[in-house]
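Reviewing the structure listed below.
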Amino acid sequence: MKISFILNNEKHTQEVREDMRLLDFLRDEMGLTGTKEGCGEGECGACTVIIDGKAVNSCLVLVPEIDGSEVVTIEGLSRSGELDPIQQTFIDEGAVQCGFCTPGMIMSAKALLDRNSAPSDEEIMEAIEGNLCRCTGYYKIIQAIRKAAESLAKTDEK
């Protein structure tokens, strides 16, 4: 089956298998290994990507479903070698330990901040409720997302 889609701001038209998961396609066919497989059942959030502005578990999406869509992975956030403010804030706030959950957390945070630049702590917690972290705990992650929102607000004021 041939599909067309935008991946990390690049247009693609490609033959794909109808039964292939988006997660496997991104990692195996597109070489984007930042998206991780955790549970394979949509429970952990390690494979979160953004499809048409919404955070989605890529292990639950079949590749043909992205036909005509825009997909953003963790690799698509940095620009010209500069980390996205959300990525930088996770580092600055110590919201990363083993790093396995980090790409999914950042993608969920990015989707949230793209639609709500000043979220409450409750909205932040709701946005990441499908992402599990076993190392860092959620305090530093919530703090990092809050700081990223503050940073983006300052940038918007300029």
Worksheet item: How many nm is it between the label spots at Asn116 and Gln97, if each spot is 7 Å from the Cα in line with the beta carbon?
Response: 2.7 nm
Item to complete: Please name which of Asn57, Leu83, Pro103 has its Cα lying farthest along the dipole of the chain towards the positive end, using unit charges on Cβ (Lys, Arg +1; Asp, Glu -1) and the Cα centre as origin.
Response: Leu83
Fill in: Surface accessible to a 1.4 Å probe, Lys147 within the full protein complex, Å²
90 Å²
Worksheet item: Of all accessible surface on the chain at a 1.4 Å probe, what whole percent is carbon and sulfur?
Response: 46 percent
Item to complete: Using a 1.4 Å probe and ignoring any ligands, DNA or RNA, find the accessible area of Asp121 and quote it in Å² to the nearest 10.
Response: 60 Å²
Worksheet item: Tell me, what is the 1.4 Å probe accessible area of Phe100, in Å² to the nearest 10?
Response: 90 Å²
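Quick one: length gained pulling Glu29 to Glu65 fully straight, 0.36 nm per residue minus the C-alpha distance? Don't skip to the answer; put the middle values down first.
Numbers: separation 36, 0.36 × 36 = 12.96 nm, distance 1.61 nm.
Length difference between fully extended and current span is 11.4 nm.
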Worksheet item: Helix 102-115: angle to the longest alpha-carbon principal axis of the chain, degrees 0 to 90, nearest 10?
Response: 80 degrees
Discussion item. Suppose all protein chains stay in the model; what accessible area per residue would a 1.4 Å probe give for the chain, in Å²?
Written reply: 53 Å²
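The values are calculated or read from the model by the stated rules, or taken from the named source; none is laboratory data. Just so it is clear, the model here is predicted, and its values are computed rather than measured. Because the Cβ atoms are built from the backbone with ideal geometry, glycine has one as well, and the counts that use them run over all protein chains shown. Surface areas here come from the heavy atoms of the whole protein model, side chains and all, with no ligands, DNA or RNA. Shrake-Rupley method; radii C 1.70, N 1.55, O 1.52, S 1.80 Å.
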